Amino acid sequence: MEVVIHSSVEQLARLAGDAVEALLRRDPEAVLGLATGSSPLAVYDDLVRRHAEGLSFARARAFLLDEYVGLPDDHPERYRTVIDRELVSRVDLDPAAVRAPDGNAADLPAACAEYEEAIRGAGGVDLQILGIGTDGHVAFNEPGSSLASRTRVKTLTEQTRRDNARFFADDVEAVPRHVLTQGLGTIMEARHLVLLAQGRAKAEAVHQLVEGPISALWPGTILQMHPHVTVLLDEAAASRLQLADYYRQTYAHKPSWQGL
Ligand code: GLP
């Protein structure tokens, strides 16, 4: 796990953007894993800037991490709508090549199995962008999730519904209780995981993620078992890290050829 701490969110976003650009230059048909939430927004802005400067997404494919159950297709907070707004419509990604779990399917378990199959059929995710919840959830894998879980229906914790109420005019009751989410086992199969976290509210979850014991209580801790994880943190999100100085030194002396 590589931990990069920087005071500028734009700079962190640039690092994630560098990794996406390097991947697409290597393989224009690469499969991107996209996350919603506020944490990756600066990355999407960075990718839009790169697109304006010539980076093409035209042959790339993408999979979302998760989706609310039961939000109407035209709801502005439906994750598929959010990602269209924040990224797809601003670059040349083909909307038909971007998939999200179907939170309105008549048969939700079948939709989850189909989603797993679609990811597998695309050859797996090359680079997965991730955020983390204040309770340590990754995608919508809440505490207690099986560390080997696959795409399935989950029930949100009250904490997550409260956290996400800001996207629903501060009305907790408007936040769906159920979601479809890639499992931790699914996410662990992506080849490179790039997780972003900002702000003091994330500090404990980040400390657990990077330095805590692996436990279903902090689902993100399973990432410690992944061979290629990059954690991009602002100072506040890094404020509870025990080995912060070591991570800073390591990054400061990183060979320039190494990349993320
Ligand atoms: C949401 C999403 C996650 C996201 C997390 C943090 O509920 N399902 O994918 O990483 O919670 O959100 P934010 O980045 O807005 O803090």
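Quick note: the coordinates plus some simple rules give every number you see, no bench work behind them. From a predicted model like this one, the values you see are computed outputs, not experimental measurements. Every residue, glycine among them, receives a Cβ derived from its backbone with ideal geometry; neighbour counts consider all protein chains shown.
For the stretch 138-260, the Cβ-based charge dipole about the Cα centre amounts to some 280 debye (Lys, Arg positive; Asp, Glu negative; other atoms uncharged).
Charge dipole (Cα centre; +1 on Lys/Arg Cβ, -1 on Asp/Glu Cβ; no other charges) of the chain amounts to roughly 480 debye. Subtracting the Cα-Cα distance of D27 and R49 from their residue separation scaled by 0.36 nm leaves 6.0 nm. Across the stretch 88-139, the fraction of Cα-Cα pairs farther apart than 16 Å, rounded to a whole number, is 60%. Note on the stretch 1-132: Cα convex hull, mean projected area over all directions, 8.5 nm². Among the chymotrypsin sites (Phe, Trp or Tyr not before Pro) within the stretch 37-133, not one is in coil by DSSP while having at most 11 neighbouring Cβ atoms inside 10 Å.
Distances between every pair of Cα atoms in the chain, grouped in 5 Å steps from 0 to the bin holding the largest one, split as 1, 6, 13, 19, 20, 18, 13, 7, 2, 0, 0 percent. Every pair of different Cα atoms in the stretch 1-46 enters the Kirkwood calculation, which places the hydrodynamic radius at 11.6 Å. Computed from label points 7 Å out along Cα-Cβ, the spacing between E211 and A148 is 3.1 nm.
For the stretch 194-260, the Cβ-based charge dipole about the Cα centre amounts to some 60 debye (Lys, Arg positive; Asp, Glu negative; other atoms uncharged).
Principal axis analysis of the Cα atoms in the stretch 116-260 yields extents of 48, 38, 27 Å, listed in decreasing size. Here the average projected area of the convex hull drawn through the C-alpha atoms of the stretch 164-222 stands at 5.4 nm².
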